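Every number in this text was worked out from the coordinates using simple rules, so none of it is lab data. These numbers come from a predicted model, not from an experiment. Cβ coordinates were reconstructed from backbone atoms using ideal geometry, including for glycine residues, and neighbour counts include every protein chain displayed.
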Amino acid sequence: MRKVFNKVMAGAMTTALVATLAVGFKVNTTDVKADTANALTGSWISSAESYEPNDAVITQTTFESTAVDNVSANISITGWQANWTAESAAPEDAIVLNDKIWGEKPYQITSEINAKVVPGNTYKLKFTVNNGMMEADTTTKTEKNITITVNSGIEGDNDNTMLFKTITVPAGATETYEFDVPVSPDYLSNDIKVQLAYGSYMYSYELTQAVKAGKVTEEAAKACKYAYAYGTSEKVNAHGTLAFTDISLMGEKYTQSVIPPKQPTKDPTGNTNTGAPKTGTPSTVAPTTAAPAVVASKPAQVKKVKAVNNAKKSVKVTWKKVKGAKSYQVKVGNKKYNAKKTNVKIKKLAVGKSYKVQVRAKNAAGFGKWSKAVKVTIKK
């Protein structure tokens, strides 16, 4: 799913810097500049998943996409899902409604696509959406909420969320939206995921009604981070169509990494030394001797890989930490996933299918060798 871009360590150190090697050195990297392009790649993957027997009709939702710039859904129902639990088990800062509902859960219906990016750049996500949704069992048009998330796509990685925003498309409207997607210079991959979630927003609707009834203050409702669309009029079980067109993620196109050009340095007199022959009076400062370039070695092979099917249609992969590794790449079947820690949970796997799992480590010098393969069968 994702390919981690290569960084190359380069540059010479003067004798004045050799002493700093005792405590470490800084890796200098740069990327080939390229023309602006649509960073979206691959195909849209859409799903409508039943969470319980009573909402099985949601799986009758159909999707269509002919290219990276479009995806549409004919939605049977959006369902009624939310975060449900006993009030005592809800987060302390949550507003619990009806003794059990405390948060949004619109991820029953989603469309996702990958993108190739260059860390350190800001991209523009833009799309137009036509709202053809209607209230349950009627032809009455309704507004529709959509939650947009751009992140690494790695389960549990909360450090690399580049965009998290919920929009409300007016009933029967066609609207165009645009958002900045900043990719940190410290991001260790070229791969990100764009997700559109448009299932149920029951919690936001119920919270809105609670405010109207005087059960919750408006100030508290607006501050509630578990409600993605407070103020919405979208009810449960909406049906109809959503069509996303002219979708793009514009920005610098990733090509490859290269050794950066040598930067001008200053001699002890404060003059800039570009390396070019000098004219005029020769300097009386003795030249310094450059130390050999320091080249980092690739990380060791990952060991003790384990893959366990301990949850529905998913597998948890764990492995032993590799010294000097900055990130890891996990391969499950033919798909690849990125991870910062020594574990990752992969979802949406096929029941009854066996997968080969491998892991490799990465640092500034590149990838290490793939681990020995382990096999896991999805039994539930």
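Sequence-distant or interchain residues sharing an amide H contact under 5 Å with E104, placed H: which?
N83, Y228
Suppose every Lys and Arg Cβ carries +1 and every Asp and Glu Cβ carries -1, with no other charges. What dipole size does segment 296-377 come out with about its Cα centre, to the nearest 20 debye? Walk me through the intermediate numbers first.
Working: 26 positive and 0 negative charges, 23 e Å.
So the dipole magnitude of segment 296-377 works out to roughly 120 debye.
What residues of segment 131-167 lie in the reach of a label at S47, counting those whose backbone N is under 15 Å from a point 7 Å from the Cα along Cα→Cβ?
Residues 153-156 qualify, since their backbone N sits under 15 Å from the label point.
Hey, any idea what the orientation-averaged projected area of the convex hull of segment 296-377's Cα atoms comes to, in nm²? Kindly include the intermediate steps, with their values, before the conclusion.
On the way: hull surface 19.0 nm².
So the Cα hull casts an average projection of 4.8 nm².
Output ³J(HN,Hα) for segment 223-233: one whole-Hz value per residue in order, computed from phi by the Karplus curve 6.51 cos²θ - 1.76 cosθ + 1.60 with θ = phi - 60°, and x for Gly and Pro.
With coefficients 6.51, -1.76 and 1.60, one gets 8, 6, 6, 8, 9, 7, 9, 4, x, 6, 9 Hz.
Would segment 40-249 count as rounded, prolate or oblate if I go by the C-alpha gyration tensor, calling it rounded below 1.5 in a/c and otherwise prolate when a/b exceeds b/c, oblate otherwise?
On the way: a/c = 1.76, a/b = 1.27, b/c = 1.38.
Because a/c hits 1.5 or more and a/b fails to exceed b/c, segment 40-249 counts as oblate.
In nm, what is the difference between 0.36 nm times the number of residues separating T140 and S233 and their Cα-Cα distance? Mind showing how you got there, number by number?
Working: separation 93, 0.36 × 93 = 33.48 nm, distance 1.23 nm.
Taking T140 through S233 to full extension adds about 32.3 nm, to one decimal.
Tell me the relative contact order for segment 40-249 as a rounded percent, counting alpha carbon contacts under 8 Å between residues six or more apart. Write down the numbers at each step before the final one.
Values: 525 pairs, mean separation 65.5, N = 210.
Once divided by the residue count of segment 40-249, the mean separation gives 31 percent.
Cα centroid distance between segment 55-112 and segment 202-248, in Å?
For segment 55-112 versus segment 202-248, the Cα centre distance is 12 Å.
Loop-only GluC sites (Glu not before Pro) in segment 91-179, please: DSSP not H, G, I, E or B, and at most 14 other Cβ atoms within 10 Å. Can you show the working numbers first?
Details: sites: E92, E104, E112, E135, E143, E155, E175, E178; in loops: E92, E104, E135, E143, E155.
Sparse-neighbourhood loop GluC sites (Glu not before Pro): E92, E155.
List every residue whose amide H lies under 5 Å from the amide H of S371, counting only residues 5 or more places away in sequence or on a different chain, with H placed 1.01 Å from N in the peptide plane.
Amide H neighbours of S371, under 5 Å, 5+ apart: V302, V359, R360.
So which trypsin sites (Lys or Arg not before Pro) in segment 93-201 are both in a DSSP loop and have at most 15 other Cβ atoms within 10 Å of their Cβ? Please list the in-between numbers first.
On the way: sites: K100, K116, K124, K126, K141, K144, K165, K193; in loops: K100.
Answer in residue order: K100.
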